[in-house]
Amino acid sequence: MTPVNEPAQALPVSQLALQQMISAPLSAMMEAQASSALASAELVKKISFYEPEPGRREMAMADFSHQRNGETRQISVPLISLVPVQSMRIAEAKLSFNVKMVQIEKHNGRVKAMPAYQRSGETRKHFEMNMQVTAVQDELPASLLAELGVTPV
């Protein structure tokens, strides 16, 4: 979303390759998920520990006491257990494209497709392509889980 004072800068469609059209939203979603994970980790780090003296870290605890049957009971729980830690996980993303293509080039075994745009008075041959891309969250590799000592569920 662009602030009201700043005009949005549009990139002419003619300068976008099909690959860019597909990869841009996927990259944005991955960046958003990474930013969310880093923010969650920072919150946990800030809330979970404190330094009673330089170089010594201890877990931050929340202490409670209550009366039960005339007896005072003390309860101490980690502070982080009382705070909801939000994290964003993109499990699945569905992107739909309806693109009119005017040029396809094959270069070094790779196909490059250019989207359509039309200058006044200019006509080009074109074709239309309907495309759906579905991206899903992948599991961590078994070798990494084994290295971390985590058993997959």
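The values are calculated or read from the model by the stated rules, or taken from the named source; none is laboratory data. Please read all numbers here as calculations on a predicted model, not as lab measurements. We place every Cβ from the backbone using ideal geometry, glycine too, and count neighbours over all the protein chains shown.
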Scanning region 54-89 residue by residue, those β-branched (Val, Ile, Thr) and farther than 17 Å from Ala41 by Cα turn out to be Thr72, Ile75, Val77
So Glu139 fits all but one of (1) at pLDDT 65 or above; (2) of a type outside the set (S, T, N, Q); (3) loosely packed, with under 10 Cβ neighbours inside 10 Å; (4) more than 27 Å from the chain's Cα centre (by Cα); what number is the exception? (4)
For residues in region 40-72 being in contact (Cβ under 8 Å) with a residue 12 or more places away in the chain and closer than 30 Å to Ala93 by Cβ, which is surrounded by the most Cβ atoms within 10 Å (Cβ to Cβ)? Leu43
Enumeration of residues in region 73-97 that are basic (Lys, Arg), touching a residue at least 40 places away in the same chain (Cβ under 8 Å) and either surrounded by 10 or more Cβ atoms within 10 Å (Cβ to Cβ) or in a loop (DSSP other than H, G, I, E, B) (or both): Arg89
